[in-house]
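Structure first, then comments.
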Amino acid sequence: MSTETIEVGGLRQRYGAFEAVRGIDFSVPSGQLFALLGTNGAGKTTTMEVLEGFRPAAAGTVRLLGADPFRDRRALRPRVGIMLQESGLIGDLTVSETIGLWRDLHARPLSVGEALARADLADKAGTAVRQLSGGQKRRLDLALAVVGRPEVLFLDEPTTGMDPEARIATWKLIQDLVADGTTVLLTTHYLEEAERLADRIAIMHRGEIRIAGTVPEVVAGHGDRIAFRVPAHVPIDTLPRLDGFPPEITVADGFPTARYTVTGGDPDGRAHRSVADLLAWAATQSVTLDRLSVRPASLEDVFLSIVEDK
Amino acid sequence: MKTDLAHVYRLARLDLGLIFRNRSALANAVLMPLGVAAFLIFTAREQGGADNLSYVITGQIAALVLFAPLVNLAGFFTSRREELVLKRLLGGPASAPAILGGSAAGATVVYLVQALAVGAAAAALDVGLPSNPLLVLIAVLGGAVVFALLSMVISGLSSSGELAQLATVPVMLISMILSPVIVPTEAFPDRLRQVAEFLPLTPVADLVRAGYGDAFQWSSLAVLAAWVAVATVLARRFFRWDPRRG
């Protein structure tokens with residue numbers, strides 16, 4: 001018997017002539033958090049909506065808790081919590097009335113007080129929803145998603161519009177839910193959020209999953225980064241090639257900066273070898289390497305290299 | 001099924017609560033239709049004739065179905081869809097029929113209360129009580145179902161709550177003028193009368209009047225049932241949960 005709570009195989013989805021999702025595969029074991037990353041239009045929300053049962057899969061297989069999320073959605077919905085990308089709340093209701101409504105639709109919900117506390121909205125219980133800030137509405141939305149004690153939680157950009165304090169509180173809530181065994185599928189634009197929360201991630205671009213795995217697995221193989229500020233007297237075309245490649249020149253704080261991505265052979269010591277080569281060049285040219293930095297590739301580097309089709 | 005009914009009840013309670021909380025909704029859905037009915041009944045009374053008064057009162061019991069179950073519900077479904085409230089609800093444990101049924105049930109309750117108010121006026125104005133209340137109930141509930149389904153069709157074709165309410169105006173006007181709620185269809189030319197017999201409000205008015213002592217005709221029930229079927233097919237075809245915007 002499969003222990004995967006979410007299984008997606010060869011999923012395709014199109015809107016008219018536009019193919020939004022082009023044959024993606026991934027699975028999420030019970031009690032893990034899987035993050036889908038990508039730019040707008042990458043296919044994340046479409047994938048979520050198929051898994052949430054809002055639309056059938058055009059092609060491929062999709063299983064949620066062992067069932068078809070569209071065909072069996074009536075049976076699945078009480079076991080699932082959904083936080084859409086936009087709130088969809090009734091402005092005339094107060095916060096506690098909204099949670100009360102959602103409670104009444106569930107079989108074994110949290111109390112209103114528990115839900116308010118989890119979303120850190122206890123002091124807004126009597127406030128009309130239309131008077132909440134964007135971040136507070138997102139927190140209320142999250143409270144509605146968790147009020148039914150879901151086994152699976154879909155969070156579509158949950159912290160968009162939240163201030164840093166609320167974002168950190170939301171991360172803590174999500175971590176607690178995962179620790180309690182809830183399976184979470186998350187989409188986010190915040191790479192830090194994915195790095196902090198996700199057991200595994202997938203980066204989607206143009207309807208395809210370009211890379212997936214744990215964060216260390218995803219960044220592995222994407223080289224190290226070397227950068228330094230180019231002195232004014234050094235012509236750009238005299239800068240050395242490292243690992244066989246010329247630098248990419250960007251302007252930071254008004255100064256040209258040379259950036260190298262070192263991805264060649266020698267996986268254990270390539271940055272060391274390239275740094276040694278760079279230092280040797282600097283010594284022979286009497287160049288001072290101002291603001292020299294050497295670091296491994298970050299998730300942001302990998303993300304940008306994918307979405308910029310590098 | 002039991003859960004669905006509980007959800008319908010909870011969502012109907014929500015919508016009724018919201019109507020009474022919002023002054024403009026209260027005026028548009030509850031008070032204004034009663035005001036129109038009161039005006040027409042007052043005018044009929046002034047113009048004289050017990051038969052005329054009885055005709056207008058029973059006609060108004062039917063015509064009130066055009067307000068809460070049609071005009072208000074069309075606007076309500078559309079604005080909630082555009083604000084993603086419907087989709088948010090659909091993402092919860094309530095089923096699609098329970099979500100739509102809850103709002104339709106709320107509108108039906110408003111219509112029932114309005115019909116009861118006009119019925120009370122009928123009793124007070126010596127028109128009397130219905131001789132067959134069951135037929136009146138069938139007319140009111142059947143009419144509410146048909147027009148709630150038609151409100152879903154109009155909602156599906158409209159991009160905002162305001163436009164949806166505007167789109168109900170032709171339906172209202174045609175129904176008020178051609179169906180036998182103010183003017184008897186006998187006053188129309190033959191061809192127009194034949195068309196009027198098959199309008200959705202006509203069987204509602206005929207059944208209400210049958211409840212008040214006119215001759216009952218199975219054809220009225222058949223036309224009403226046919227409209228339930230047609231409106232169901234149209235609603236399934238045109239109603240949408242996702243916003244039309246972007």
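The values are calculated or read from the model by the stated rules, or taken from the named source; none is laboratory data. Only a predicted model underlies this, so the values are computations on that prediction, with no experimental measurement involved. For neighbour counting, all protein chains shown are included, and Cβ atoms are generated from backbone atoms with ideal geometry for every residue, glycine included. Accessible surface is based on the protein model in full, side chains and every heavy atom, while ligands, DNA and RNA are left aside. Shrake-Rupley method; radii C 1.70, N 1.55, O 1.52, S 1.80 Å.
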Which numbered condition A:VAL307 misses (of (1) among the β-branched types (Val, Ile, Thr); (2) buried (at least 16 other Cβ atoms within 10 Å of the Cβ); (3) over 30 Å from A:GLY43 (Cα atoms))
(3)
Residue, surrounded by the most Cβ atoms within 10 Å (Cβ to Cβ), within the range A:213-242, restricted to residues that are of a type in the set (Asp, Glu) and under 19 Å from A:SER298 (Cα atoms):
A:ASP224
Can you tell me how many residues in the range A:137-194 are within 24 Å of A:PRO29 (Cα to Cα), free of Cβ contacts under 8 Å to residues at least 24 places away in the same chain and not charged (D, E, K, R)?
2
A:PHE228: among the aromatic types (Phe, Trp, Tyr) and free of Cβ contacts under 8 Å to residues at least 24 places away in the same chain, yes or no?
no
Tell me the residue from B:ALA226, B:ALA196, B:ALA210, B:ALA215 that is small (Gly, Ala, Ser), without any contact (Cβ under 8 Å) to a residue 40 or more places away in the chain, in contact with a Phe, Trp or Tyr (Cβ under 9 Å, 6 or more places away or on another chain) and over 23 Å from B:LEU100 (Cα atoms), please.
B:ALA196
For the structure I just gave you, tell me whether B:ALA215 is outside any loop (DSSP other than H, G, I, E, B) and either open to solvent by 10 Å² or more (accessible area, probe 1.4 Å) or not polar (S, T, N, Q) (or both).
no
If you check A:GLY9 against the conditions, is it on the phi < 0 side of the Ramachandran plot and not aliphatic (A, V, I, L, M)?
yes
Return the only residue of B:GLY17, B:GLY92, B:GLY102 being within 14 Å of chain A (Cβ to nearest Cβ) and outside any helix (DSSP H, G or I).
B:GLY92
Can you pull out the residues in the range A:83-95 that are surrounded by fewer than 19 Cβ atoms within 10 Å (Cβ to Cβ) and outside any loop (DSSP other than H, G, I, E, B)?
A:THR94
Please go through the range A:47-82 and pick out each residue that is out of contact with any helix residue (DSSP H, G or I) (no Cβ under 9 Å at 6 or more places or on another chain), away from chain B (no Cβ under 12 Å) and surrounded by 17 or more Cβ atoms within 10 Å (Cβ to Cβ).
A:THR47, A:VAL50, A:ARG63
Would you point out the residue of the range A:197-212, among those that are open to solvent by 50 Å² or more (accessible area, probe 1.4 Å) and part of a strand (DSSP E or B), that is nearest to A:ARG14 (Cα to Cα)?
A:GLU208
Those strands (runs of 3 or more DSSP E) lying entirely in the range A:1-52 with at least 1 residues within 18 Å of the chain's Cα centre (by Cα) and of a type in the set (S, T, N, Q)
A:18-29
Could you tell me which residue of the range B:20-37 is farthest from the other protein chains (Cβ to nearest Cβ), considering only residues that are small (Gly, Ala, Ser) and exposed (fewer than 15 other Cβ atoms within 10 Å of the Cβ)?
B:GLY35
